[in-house]
């Protein structure tokens, strides 16, 4: 049976709404609630857009909910010292009675670092930093004292008490890497988050096989690694042509969204596409990139269910992650206000079509 979870950006900084959405997701049968861990606007959102710090918000949401898992998608390295982050997460897990999960990625958006006065390290260095942070936190969560001497961090006799209530699940996103990241995931992760949701299905299949091969190389059963995939969801009351509907979403987006997404498209083409397998196109206009590649489900409940069936259920991915309105529109005020409708409609109309819990 396929699980479904919810992704919230917390755009707008309305705590009452965020709390209400978490409670609705808890009651409607979503397995997990994932919060964005960005420091500034994304995909066209103004840098000043209010965003709650997730590791401050999660303990409060734990008090407001009963059974839903709570975590981030995704926390990058270098944002918080791992000894402090380990204590924050352990505290949240204690408050939630064992419902916290961590998704930790290597990070890739320059503005998230630059606006905090931090350098954006090269990809290989970010992965090394991420591995060090995960190693430190896992040690702090399981050992009485932790000593560590690495390229980024040095600890002597570090302590984390109280510890999490159980072995805390760690998810790692896999975006573009086909060499080191699959090995890191095989060695360190409990779950893989297929990223970004712009990746075409052919790329997702390659990602999953790369990780499965890395698992087999170290003697791990790939089936022990859970998987999830993020999908933007926009409902319509009548059937639409999905390609035309997505073109309309792009064309009608806020001008700043288009400006930033054009920059993002150039970034992906120039930097990240070098790592794509040869059979996946590496150069096209951003309109084509969005229309052909983004896993954004638009239309009636049946139309939203179709790409999720093909891109999650049929691929054997364990969990679909619902992002109300997706990366292009999720910060716009009208869509922030309409998140509850998307969450309720998805649970009532789409989950039953896909055998979701």
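Just so it is clear, none of the values below were taken in a lab; they were calculated from the coordinates. Source: prediction; values computed, not measured. With ideal geometry, Cβ positions are generated from the backbone for all residues, glycine too; neighbour counts draw on all protein chains shown.
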Check: Hey, what angle do you get for helix 123-142 against the long axis of the chain, alpha-carbon based, 0 to 90 degrees rounded to 10?
Finding: 60 degrees
Check: In which sequence would 160, 215 go, from the one with the fewest C-beta neighbours within 10 Å to the one with the most?
Finding: 215, 160
Notebook entry, point to check: For all pairs of alpha-carbon atoms in segment 108-257, what percent lies in each bin of width 10 Å, listed from the first bin to the last filled one?
Noted result: 9, 27, 31, 22, 9, 3, 0
Notebook entry, point to check: With each pseudo-label sitting 7 Å past Cα toward Cβ, what's the residue 116-residue 67 distance in nm, one decimal?
Noted result: 3.5 nm
Item checked: Full-extension gain in nm, residue 27 to residue 341, via 0.36 nm per residue minus C-alpha separation -> 111.6 nm
Notebook entry, point to check: Suppose R0 equals 56 Å; then what is the FRET efficiency for residue 302 and residue 53 from their Cβ-Cβ distance, rounded to the nearest 0.05?
Noted result: 0.90
Check: Using a Gaussian network for the chain with springs between C-alpha atoms less than 10 Å apart, which of these wobbles most: 71, 299, 124?
Finding: 124
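Rounded to the nearest 500, what is the 222 nm mean residue ellipticity of the chain from helices alone, with -39500 (n - 2.57) per DSSP H run of 4+ residues and division by all residues?
Roughly -12500 deg cm²/dmol at 222 nm, from the helical runs in the chain.
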Check: Quick one, which of [x] 20.7, 63; [y] 22.6, 86; [z] 19.5, 62 is the actual Rg and Dmax of the Cα atoms in Å calculated for this model?
Finding: [z]
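Quote the FRET efficiency, to the nearest 0.05, computed for residue 84 versus residue 165 with a Förster distance R0 of 30 Å and r equal to the Cβ-Cβ distance.
On the way: r = 19 Å, r/R0 = 0.65.
E between residue 84 and residue 165, to the nearest 0.05, is 0.95.
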Note to self: Can you compute the modelled spin-label distance between residue 94 and residue 20, with each label point 7 Å from Cα toward Cβ, in nm?
What the structure shows: 3.3 nm
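Which FRET efficiency value, to the nearest 0.05, do you get for residue 244 and residue 142 by plugging their Cβ-Cβ distance into 1/(1 + (r/R0)^6) with R0 = 45 Å?
Working: r = 53 Å, r/R0 = 1.17.
Result of the calculation: an efficiency of 0.30.
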Checklist line | Potential extension, residue 310-residue 109 segment - 0.36 nm per residue separation minus Cα distance | finding: 69.5 nm
Notebook entry, point to check: residue 190 versus residue 237, label points 7 Å from Cα toward the beta carbon: distance in nm?
Noted result: 4.4 nm
Notebook entry, point to check: Most mobile of 238, 100, 304 per a Gaussian network model of the chain (Cα springs, under 10 Å)?
Noted result: 238
